[in-house]
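Q: After the structure tokens below, expect a handful of questions from me.
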Amino acid sequence: MTALPDLDARLVPCAAAAWGVTALGLHRGSGPAGAVAVLACVAAGLLYVVCVRGQGIRQAPAAVPVVLAVCAVVAGFGTATGIRMWFTETHPVVEAAAAGGWASAVLEPTDDPKALQRVGFGGEAQVRIPAVLRHVTVDGIPIVTGGTVVVFAPADGWSDISPGQRVTARFRLSPITGPGTDVAIFRAEDPPNAVTSPPVWQRWAGTVRKRLAEACRSALPADQAGLLPGLVVGDTSRLEDGTRENFRIAGLTHLTAVSGANVSIVLGAVLLVVRAVGVGPRTGTAVAAVALVAFVIVVRPSASVVRAAAMGAIALLALVAGRERQALPALCGAVGALLVLDPDLAVDVGFALSVSATAGLVVLAPVVVMWLREHGWPRVVAEVSAVSGTAFAVTAPIVAAATGTVSLVSVAANILVAPVVAPLTVLGSGVAVAATAHSGAGEVLATVAAPFLWWMLGIAERAAAVPSAEVAVPEGATGAVLVGVVASVICCAARYGRVRVVVGVALLAAAAVWLPVRLLQPGWPGDGWVLVACDVGQGDALILATDGGGAVVVDAGAEPEPVDRCLRRLRIRSVSMLVVTHLHADHTGGVPGVLRGRDVASVVVGPGAADREGATDLARVAARHGVEVREVGRDDVLVAGATTIRVIGPVRPGYAEENDLSLVLVADTPVGRILLPGDAEEAALDALVRSGADVRADVLKVPHHGSRTTPTRFFTAVRPRVAVVSAGRDNTFGHPHPQTIAALRALGARVLSTDRHGDVAVVRAGSGALAVVSDRRDTIEP
């Protein structure tokens, strides 16, 4: 039987205690952290008096020194966290933020602006910037202060801000709701008033990043050009939406974020070079240290990058020193040091993933490698498989808790891309260095990376296309425990022969039943679906089935990924038309996700849409995909195969509100009439009923996400059997409103909403009757 490696785990309890008490303080505030610190001091004192002074240190139980050390760590970290949280809670900006006031401030970004994903047509692109507060004026009172803030600002004027620059602007303040030491949210509505020059090292880093991106754009296809900077320096600003989604589903997102593996590969390459040229160990170590500092500066010295540098350096330095046994104490020391420097890491998902992955590779991976070698696996295959499997097993519960999803193809995808990760990292670093010296040299070297990038992109695309490549699990602790138990069972099955046989037979039996069904037809919503309301968050995306496996898409949500994922789940590759009811961002932002990789005949908009805000962006995206945009109006008929859709609103084009300009559609389907009124509100809906239009329907997509802007008299005129609400979970608008739901239920309607039920499908049951399927409950509701 394979034995565990000889590891020094004495610092593990101390690191866990430091992490736990810091997280407690960030969540609960200065009071609980201080109380825990005091209790730890009292416990340490009593333990010392009773066990050490009473019996002598040599006669005291072996666990006493460890408990004393843990108490000391809890007391120290609890006190430090309590002081930091007291500073945060009493910060002069906190009161102004709670009141929603305004302030003029000078702040210094600590990381590059990150574009927010929710960017729609007609809406202004936004960026998120973490920053340190240097000076603030609240209610005319100037305050020189510190503290960290989070800035949300328009991309115009803010997207080119670099770390280290001093930025002066006016902000609207909002309180922070999550755990951490940030004192407020700063929201800018205009470009900054003044911006200083960044430090010289940041200007150099910006030049390196810019020339790397330019060399990639000149030498590589668009998808590869967006990927390589992400692999090398974490710059994902040009990563295509499709690539981003494929990497997420395939469990490869960690490759596009700077991680400890990047640091290990870069430092390993540097050490190999200096040794090859005969440089001594001390000089080689100094060169490696300089390379590490330069690498951190180029990829930006944010908290996550510093964390990755520390974690990645641990394994490499232990290997270089020939002291693998010291890797675990070094990891624990790094955790403690990083929590002292940045306590917010205690509640950072990336930090948890990094620590757990590193610990898994140090503790478990060697055991797995030895076990696989004993069973005849080649060394290279055993090492790659062990690393990928171990990293997945220890991080999957954390991912499940944070996102509510688990990638079933992650291990296989990571094994398949493993051979090209190191070459790409080294080549990409070479491209950055060469392009900084001469653009042509960088472009030549970038072309060498093309085959490796092609392989990685292909693996991600094919892995993401596997049926049920990603499965949904409960979020939070429930999901973490569930995934952890499953991972433990699989590990036991792999280790013990009898359990392995039982579990293997069970998995083969399940696969024999499930795979043919899943490959031949989707498991949800099954045959006979007529309408699907996709769960795209706070927005609308509705799919009407047509003959031949095609569809009509009505609206697309706020972001490309959710609607694209919904369409792929339904296996829709041909879209007869994409109808955009109106030009609000929560209906148009996902249009690229519908157009991506599908045959879309046309984009349909309402009367006068070409003259409204957002039309230019919509036309530009449609033109990029070679799709025409056409206008329709009341009484027009849209035909898609055997599906006929009539336009019955808006009654007039002169409404001042964009919502009231929504196209109102009626579709005749095998399960009855379906009414899709967009976000039309009271004025437009009343006018529609007064116009004599037949609004009676069996299925109603509830207007405006179930808000109170729909009058009960409209519901009475429609009298739906089924009402579907498209709203985002925990949205800030209070949609759907309880009054609206109550009015629909009073009319006898079955009400389902995407915030509670996920994707909702209207289907034709075996008897031909109308039924509703919720993918979160997997039951048919008549």
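Where a number appears in this text, it was derived from the coordinates with a stated rule and is not lab data. The model shown is predicted, which means the values in this text are computed figures rather than measured ones. Reconstructed Cβ throughout: ideal geometry from the backbone, glycine too, with neighbour counts over all protein chains shown.
Q: Extension gain ALA337-TRP454, at 0.36 nm per residue separation less the Cα-Cα distance, in nm?
A: Numbers: separation 117, 0.36 × 117 = 42.12 nm, distance 3.95 nm.
That pair, ALA337 and TRP454, stretches by 38.2 nm at full extension.
Q: If you restrict to DSSP beta bridges whose two residues both lie in the stretch 92-198, what percentage is antiparallel, to the nearest 5? Spell out each step's value before the answer.
A: Working: 31 of 36 bridges.
Just about 85 percent of them are antiparallel.
Q: How many angstrom lie between the C-alpha centres of the stretch 569-617 and the stretch 623-653?
A: The two parts, judged by their Cα centres, are 11 Å apart.
Q: Taking the Cα centre of the chain as origin, work out the dipole magnitude from +1 charges on Lys and Arg Cβ and -1 charges on Asp and Glu Cβ, in debye rounded to 20. Kindly include the intermediate steps, with their values, before the conclusion.
A: Details: 63 positive and 63 negative charges, 420 e Å.
With only Lys, Arg, Asp and Glu charged at Cβ, the dipole is about 2020 debye.
Q: Which of the following values of semi-axes √(5λ) of the Cα gyration tensor in Å was calculated from the structure shown: (1) 48, 32, 30; (2) 43, 31, 29; (3) 60, 41, 23?
A: Matching the structure shown: (1).
Q: For the chain, what is the calculated [θ] at 222 nm in deg cm²/dmol (nearest 500), taking -39500 (n - 2.57) for each run of four or more DSSP H residues and dividing by its residue count?
A: Numbers: 26 runs with 386 residues, N = 782.
Using -39500 (n - 2.57) per qualifying helix, the result is -16000 deg cm²/dmol.
Q: Additional query: Taking the Cα centre of the stretch 529-776 as origin and charging only Cβ (+1 Lys, Arg; -1 Asp, Glu), how large is the dipole, in debye to the nearest 20?
A: Values: 28 positive and 30 negative charges, 173 e Å.
So the dipole magnitude of the stretch 529-776 works out to roughly 820 debye.
Q: Still on this structure, I have one more. Among THR253, ALA219, ALA334, which residue has its Cα positioned farthest towards the positive end of the charge dipole of the chain, with +1 placed on the Cβ of Lys and Arg, -1 on the Cβ of Asp and Glu, and the dipole taken about the Cα centre?
A: Result: ALA334.
Q: A follow-up question, please. For the stretch 529-776, what does the relative contact order come out to in percent, with C-alpha contacts under 8 Å and a separation of six or more? Kindly include the intermediate steps, with their values, before the conclusion.
A: Values: 612 pairs, mean separation 42.8, N = 248.
For the stretch 529-776, the relative contact order is 17 percent.
Q: Counting only C-alpha contacts under 8 Å and six or more residues apart, can you give the relative contact order of the chain as a whole percent?
A: Values: 1515 pairs, mean separation 72.4, N = 782.
Taking the mean separation of contacting Cα pairs over the length of the chain, I get 9 percent.
Q: Once the dipole of the chain is set up with Lys and Arg at +1 and Asp and Glu at -1 on Cβ about the Cα centre, which of VAL532, GLN202, ALA97 lies farthest towards its positive end?
A: Toward the positive end, the furthest listed residue is GLN202.
Q: I would also like to ask the following. Per 0.36 nm of contour for each residue apart, how much would the distance between VAL444 and ARG573 grow if the chain were fully extended, relative to their Cα-Cα spacing?
A: Working: separation 129, 0.36 × 129 = 46.44 nm, distance 3.71 nm.
Roughly 42.7 nm would be gained on extension.
Q: In addition: For the stretch 207-301, what log10 I(q)/I(0) values come out of the Debye formula at q = 0.15, 0.17, 0.26 1/Å, with one point per alpha carbon and no solvent?
A: Taken in order of the listed q values, log10 I(q)/I(0) reads -0.67, -0.81, -1.24.
Q: May I pose another question? Under a point-charge model restricted to the Cβ atoms of Lys and Arg (+1) and Asp and Glu (-1), what is the dipole moment magnitude of the stretch 612-724 relative to its Cα centre, in debye to the nearest 20? Mind dumping the intermediate values first?
A: Values: 15 positive and 16 negative charges, 70 e Å.
Taking the Cα centre of the stretch 612-724 as origin, the dipole is about 340 debye.
Q: Could you work out the relative contact order of the stretch 151-274, using alpha carbon pairs under 8 angstrom and six or more residues apart, expressed as a whole percent? Numbers along the way, then the final one.
A: Details: 132 pairs, mean separation 22.2, N = 124.
Result for the stretch 151-274 is 18 percent.
Q: Looking at the chain, what % of its DSSP beta bridges pair antiparallel, to the nearest 5?
A: On the way: 67 of 93 bridges.
For the chain, the DSSP antiparallel bridge percentage is about 70.
Q: Determine the sum of side-chain charges near LEU638: Lys and Arg each +1, Asp and Glu each -1, restricted to other residues whose C-beta is under 11 angstrom from that of LEU638. Write down the numbers at each step before the final one.
A: On the way: positive: ARG630, ARG646; negative: ASP636.
Every neighbour counted, the sum reads +1.
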